[in-house]
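The values are calculated or read from the model by the stated rules, or taken from the named source; none is laboratory data. Everything numeric here is computed off the predicted structure, so don't read it as measured data. Don't worry about glycine lacking a Cβ; one is built from the backbone with ideal geometry, like all the others, and counts go over all protein chains shown.
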Amino acid sequence: MRITTSILLVAFGATVLAKEIPDPVDCAKIKSEAPEGSSWIPQCDLETNQLTPLQKNNAGENFCIDIYTGSILLPPTTSSISCDCLNQKIVASKTAKKPMYIPECNSTTGAYKTTQCNRKKECWCAEAKTGMQLGPRWGRKTSIFSLAGIEDPAKAVTDRDQPRPSCEMLNNFWTTWGNRMWNQRA
C-alpha cells in the first residue's frame, strides 16, 4: 500500500491546490533488495532515506533517476550530467494541477535549457547549470539581436523595448563577466 502526501502550495499570496504525490522510494529497501553482483548499488541520502537523484553504477557512469519511482531519467554516461532540472520538472508536474512553470531540460545532459517559458508565454534566459533567470522576461515573439559592438551589454539586456540577445549569448556574457569580477576580487 502506497502512502501519499497532499501538498498545498502558497506562492505570492495565491493558494494553488495540489495533487497528491507519492512518497519517494524507500532507498534502504531497494538497496537491501539489490541482487549480489548487481551493476548498480543505489545511493541514498542518509538524512531522508531517499534515493539521490544523481546515481553512479559500478562502471563509474552517472545517471539520473526519479526519486518517486526509481525509474531512470537519463541513461548511464561517462559525460558530466545534472539532475537538478529533471527533478524540478518532476516536482512541478506532480505537485500542481496546472503548474505555471515546468522547467525545460536538455535531454542529453539534464541541464536547464537556456530559454525557459511559462504557461503565460513569458520567456526568459536561464543559466544552464542552476536555472537562475538571466535578464528580464519577454513575450515569445520578441526578436533576437547580437551583442557584438554594443558598449554596455548589461543595459541592452535590461531594456524591454529593444530586441533581445540570444540566451546562449547571455549565458556566455554573464559567465565571462562573472569570472572577470571574481578574478578582480582576488
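In summary, Gly37 fulfils each of the numbered conditions (1) surrounded by 11 or more Cβ atoms within 10 Å (Cβ to Cβ); (2) part of a loop (DSSP other than H, G, I, E, B); (3) without any contact (Cβ under 8 Å) to a residue 12 or more places away in the chain with the single exception of condition (1).
The test for being in contact with a strand residue (DSSP E or B) (Cβ under 7 Å, 6 or more places away or on another chain) and on the phi < 0 side of the Ramachandran plot does not hold for Leu46.
Taking the criterion of being assigned to a loop (DSSP other than H, G, I, E, B) and in contact with a Leu (Cβ under 9 Å, 6 or more places away or on another chain), would at least one residue in the stretch 116-127 satisfy it? So far as the stretch 116-127 goes, yes, one or more of its residues are assigned to a loop (DSSP other than H, G, I, E, B) and in contact with a Leu (Cβ under 9 Å, 6 or more places away or on another chain). Look at (1) modelled with pLDDT of 85 or more; (2) on the phi < 0 side of the Ramachandran plot and you find that Arg2 fails only one, number (1). The lone criterion from (1) surrounded by 13 or more Cβ atoms within 10 Å (Cβ to Cβ); (2) of a type outside the set (Gly, Ala, Ser); (3) not assigned by TED's automatic domain parsing to the domain that holds Ser166 left unmet by Gln116 is number (3).
In the set (1) outside the structural domain of Ala59 (by TED's automatic domain parsing); (2) of a type in the set (Lys, Arg); (3) under 13 Å from the mean Cα position of the chain (by Cα), the condition left unmet by Lys89 is number (1). Could you check the stretch 69-102 and list, in sequence order, the residues that are buried (at least 20 other Cβ atoms within 10 Å of the Cβ) and part of a loop (DSSP other than H, G, I, E, B)? Those that are buried (at least 20 other Cβ atoms within 10 Å of the Cβ) and part of a loop (DSSP other than H, G, I, E, B): Ile81, Ser82, Cys83.
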